[in-house]
Amino acid sequence: MTIQITDAPEAHRYEARTDGKSEIAGFAEYIRTSELIAFVHTEVGPVYEGKGIGSALVRASLDEARESGLSVLAVCPFYLAWISRHPEYADLLYQNRSRVSD
């Protein structure tokens, strides 16, 4: 199975399709600024679960974030768990640099 990942900026998400089909197998929703991309929700269709769709979405979107010089805020638990298993992407994670405290 071939997985194609495309950015759909008008929908604020990355979309996954398989084997050239038009049906969306999964997606990763995001909020993007000029310096940061926050991944807020990832969903894979039930028929596609366990076939690497989610991992392909995360890897492709993080690779694009790196190429664009964006920090990543992993709000979505799937993204956070995936990055914890792939420490080569940990450097992309947004680091709060504020010194303000209560």
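General remarks:
- Ranking of THR33, THR42 by count of other Cβ atoms within 10 Å, fewest first: THR33, THR42
- Residue separation of ALA11 and GLU43 scaled by 0.36 nm, minus their Cα-Cα distance, works out to 10.1 nm of gained length.
- Its relative contact order, with pairs defined as Cα atoms under 8 Å and 6+ residues apart, puts the range 3-92 at 23 percent.
- To the nearest ten degrees, helix 53-68 and the longest principal axis of the Cα atoms of the chain are 50 degrees apart.
- Cβ-Cβ FRET estimate between ARG99 and ASP63, R0 fixed at 35 Å, reported to 0.05: 0.65
- Order of ARG85, ARG97, ARG59 - criterion: other Cβ atoms within 10 Å of each residue's Cβ, fewest first: ARG97, ARG85, ARG59
- Helix-only mean residue ellipticity at 222 nm for the chain, each DSSP H run of n ≥ 4 adding -39500 (n - 2.57), per residue, nearest 500: -7500 deg cm²/dmol
- Computed label-point distance, nm, for sites ASP19 and MET1 using a 7 Å Cα→Cβ extension: 0.9 nm
Read-outs throughout are calculated quantities, based only on the coordinates presented, and are distinct from any laboratory measurement. All values reported here derive from a predicted model rather than from experimental measurement. In this analysis, Cβ positions are derived from the backbone assuming ideal geometry, glycine residues included, and neighbour counts consider all displayed protein chains.
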